[in-house]
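**Student:** Can you keep this structure in mind? I'll have questions shortly.
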Amino acid sequence: MIHLYTWATPNGRKISIALEEFGLEYQVHPIDITADEQFAPEFLQISPNNKIPAIVDDRTGVSLMESGAILLYLAERENRFWGEHRWQTIEWLMFQMGGLGPMLGQAHHFLHFNPGKAPYAEQRYRTEAQRLYGVLDRRLQDRDYLSDSDSIADMACWPWIARYQWQGIDWSDFAHLQSWYLRIASRPAVQRGYDVPASGAVIPLPLHGTSGPR
């Protein structure tokens, strides 16, 4: 049994989606970050950085924080979802960990949660979000997945792209990325993993020719 400590955020959804894709038995322990439960002493013993997600694997005794490390662990444990090129999979996983997640997280802060308070920051992170979408769109113009077949890199990036409405994205500029997004959104494991812990969330699907809020 794998114990998953998580909340309904892009980083949390990476791991619940991965556990569903790997077909592993897991138990969900919700950590309500809106109530500061991530700062509880009990959770600190599992996640020294007070961040979700984290896992404890009863089979191996491994306890891990950091979503990228957890994805690598699951791929190594099960020897699956490495894509066609292991190092390219790791490359695009690091792209998500070092760029896509942190920058889109800032876009969420300024564009979605605090609009109108910092025009410079809004422009900076809107522009960076569009640049990062362009990087992914170019990568996907001649392949279905980031590492040619479905991998942990796709699992890492997809939940952040699922927040496109918060990032002011016009899908008409990113046709290849939109096709990838919809392809992954249609997978039953992704649909199950997206709503963990259960909150009645619905995967937002883009409509052609429309844009998210500016």
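The values are calculated or read from the model by the stated rules, or taken from the named source; none is laboratory data. Since we're looking at a predicted model, the values are computed, not measured. Counting neighbours? That spans all protein chains shown, and the Cβs are built from the backbone with ideal geometry, glycine included. In case anyone asks, the SASA skips ligands and DNA or RNA and just uses the protein heavy atoms, side chains included. Shrake-Rupley method; radii C 1.70, N 1.55, O 1.52, S 1.80 Å.
**Student:** Could you look through region 141-162, keep only residues that are among the hydroxyl-bearing types (Ser, Thr, Tyr) and under 15 Å from Ile17 (Cβ atoms), and pick out the one that is surrounded by the most Cβ atoms within 10 Å (Cβ to Cβ)?
**Tutor:** The residue in question is Ser151.
**Student:** Conditions first: (1) over 30 Å from Gly23 (Cβ atoms); (2) touching a Phe, Trp or Tyr at 6+ places or on another chain (Cβ under 9 Å); (3) loosely packed, with under 15 Cβ neighbours inside 10 Å. Tyr133 passes all but one, so which condition is the exception?
**Tutor:** (3)
**Student:** On the given criteria, is Asn11 open to solvent by less than 60 Å² (accessible area, probe 1.4 Å) and part of a loop (DSSP other than H, G, I, E, B)? Outline the logic, then answer.
**Tutor:** Working: open to solvent by less than 60 Å² (accessible area, probe 1.4 Å): yes; part of a loop (DSSP other than H, G, I, E, B): no.
Answer is no for this residue.
**Student:** Taking the condition of being modelled with pLDDT under 95, surrounded by fewer than 15 Cβ atoms within 10 Å (Cβ to Cβ) and not acidic (Asp, Glu), how many residues in region 169-185 meet it?
**Tutor:** 1
**Student:** Continuing with this model, one more query. Among all residue pairs at least 6 apart or on different chains, which show Cβ distances below 8 Å where the first residue, located in region 22-36, is open to solvent by 60 Å² or more (accessible area, probe 1.4 Å) and the second is of a type outside the set (A, V, I, L, M, F, W, C) and in a strand (DSSP E or B)?
**Tutor:** Gln27/His3; Pro30/Thr6
**Student:** Of all the residues that make up region 1-37, how many are over 18 Å from Trp158 (Cβ atoms) and of a type in the set (D, E, K, R)?
**Tutor:** Number satisfying all stated conditions: 4.
**Student:** Within region 55-85, restricting attention to residues that are among the hydrophobic types (A, V, I, L, M, F, W, C) and in a loop (DSSP other than H, G, I, E, B), which residue is farthest from Met155 (Cα to Cα)?
**Tutor:** The selected residue is Val62.
**Student:** Picking from Asp137, Asp142, which residue would you name as being of a type in the set (Asp, Glu) and not in a helix (DSSP H, G or I)?
**Tutor:** Within the list Asp137, Asp142, the selection yields Asp142.
**Student:** To continue, here is another question. Can you tell me which residue among Phe110, Phe95 is open to solvent by less than 60 Å² (accessible area, probe 1.4 Å) and in contact with an Asp or Glu (Cβ under 7 Å, 6 or more places away or on another chain)?
**Tutor:** Phe110
**Student:** Being more than 22 Å from Leu72 (Cβ to Cβ), in contact (Cβ under 8 Å) with a residue 40 or more places away in the chain, among the polar types (S, T, N, Q) and open to solvent by 20 Å² or more (accessible area, probe 1.4 Å) narrows it down to one residue among Gln123, Gln191, Gln165; which is it?
**Tutor:** Only one candidate passes the filter, namely Gln165.
**Student:** If you don't mind, another one. If we scan region 41-54, do we find a residue that is under 10 Å from Ile152 (Cβ atoms), free of Cβ contacts under 8 Å to residues at least 60 places away in the same chain and either open to solvent by less than 50 Å² (accessible area, probe 1.4 Å) or in a loop (DSSP other than H, G, I, E, B) (or both)?
**Tutor:** Scanning region 41-54, I find no residue that is under 10 Å from Ile152 (Cβ atoms), free of Cβ contacts under 8 Å to residues at least 60 places away in the same chain and either open to solvent by less than 50 Å² (accessible area, probe 1.4 Å) or in a loop (DSSP other than H, G, I, E, B) (or both), so the answer is no.
Rundown of residues vs (1) at pLDDT below 95; (2) touching a Ser or Thr at 6+ places or on another chain (Cβ under 6 Å), yes/no style:
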residue: Gly23; (1), (2): no, no
residue: Val28; (1), (2): no, no
residue: Thr34; (1), (2): yes, no
residue: Gln38; (1), (2): no, no
residue: Lys51; (1), (2): no, no
residue: Ile55; (1), (2): no, no
residue: Arg59; (1), (2): no, no
residue: Phe81; (1), (2): no, yes
